[in-house]
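Here's the structure we're looking at; comments come further down.
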Amino acid sequence: MRRRTQGVLGGRSDRVVRRVLDAALGELARSGYAGLRMDEVASVAAVNKTTIYRRWPSRAALVTALVDRMRTPLRESPLPDTGRLESDLLEAFARRFTVGREVAGRAWARLLDERFNPEVEAIIGAAVETRRGEWRAMVTRAIDRGELPPGTDAQLVLDLVRAIVDARGAARRMDRTWLTLAVRTVLAGARAGTLRRGRQPRPRRRG
């Protein structure tokens, strides 16, 4: 009697799942959540649409499974903890920039753009907040080590570096030298105490 391979790694069922999720990833990166079409996913995966609906009865169910797969590398590759904030940020943002140019990174960016959609928020909200907490922990550790002043706004530090990196990356001119400059510039401001929580810059008087 032939043994069924369904549910066994490498069996037909697993191959179908991989094909469908690969197709859904590409469709999500191209069209976003609202534009994702199950018939297009089925066509690219070379399966019947009923095969998809049998396992994932809705678009939300399919994208939830896809998000879980995209998060696996993040779970297996934690953010750096070198003992020095500058090197942590350099490595983390370099990795983020590389991933952002891949299909999975583009798909994730489309989901982030659609967080206003309650379905999308329900799918990725917890994952986003968990990851943000991990990023903030990098800066919090540096504050605890005395690298940055007490009261430094960890999220603001990250937001400023991210804004510079994203602006440069959009023009496809990001490199290690520019990334290092961005990180060091923001950290210099933080060390000077300008990025403390609740601190508002005073407007300069003219005349």
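For a modelled paramagnetic label at Arg176, 7 Å from Cα along Cα-to-Cβ, the residues of segment 92-123 in reach, with backbone nitrogen under 18 Å, are 92-99. Taking Cα atoms only, the orientation of helix 103-113 departs from the longest principal axis of the chain by about 70 degrees.
Gain on full extension, evaluated as 0.36 nm per residue between Thr64 and Arg18 minus their Cα-Cα distance, stands at 15.1 nm. Rounded to the nearest 10 degrees, the inclination of helix 154-170 to the longest alpha-carbon principal axis of the chain is 70 degrees. Taking the chain as the reference, fit the longest principal axis to its C-alpha atoms, fit the long axis of helix 118-145 to the helix C-alpha atoms, and give the angle between the two in degrees, 0 to 90, nearest 10. Helix 118-145 sits roughly 40 degrees off the main axis of the chain. Note on Arg196 and Glu86: the extension gain reaches 37.8 nm, defined as 0.36 nm multiplied by sequence separation minus the Cα-Cα distance.
Between Arg131, Arg145, Arg12, the Gaussian network model of the chain with springs among Cα atoms under 10 angstrom shows the greatest mean-square fluctuation at Arg12.
Around the amide H of Arg196, modelled in the peptide plane, lie the amide H atoms of Asp153, all under 5 Å away and 5 or more residues distant in sequence or on another chain. Taking 0.36 nm per residue of separation and subtracting the Cα-Cα distance, full extension of the segment from Asp166 to Thr140 would add 7.1 nm.
Assuming a ≥ b ≥ c are the square roots of the Cα gyration tensor eigenvalues, decide whether the chain counts as rounded (a/c under 1.5), prolate (otherwise, with a/b larger than b/c) or oblate. Cα axes put the chain in the prolate bin. Taking the average, over residues, of other Cβ atoms within 10 Å as the packing measure, peptides 32-40, 18-26 rank 18-26, 32-40 from highest down.
Mean-square fluctuations from a GNM of the chain, with a 10 angstrom spring cutoff on Cα atoms, peak among Asp14, Asp153, Asp81 at Asp14.
No lab work stands behind these numbers, since they all come straight from the coordinates. For clarity, every value in this text was computed on a predicted model and none was experimentally measured. Don't worry about glycine lacking a Cβ; one is built from the backbone with ideal geometry, like all the others, and counts go over all protein chains shown.
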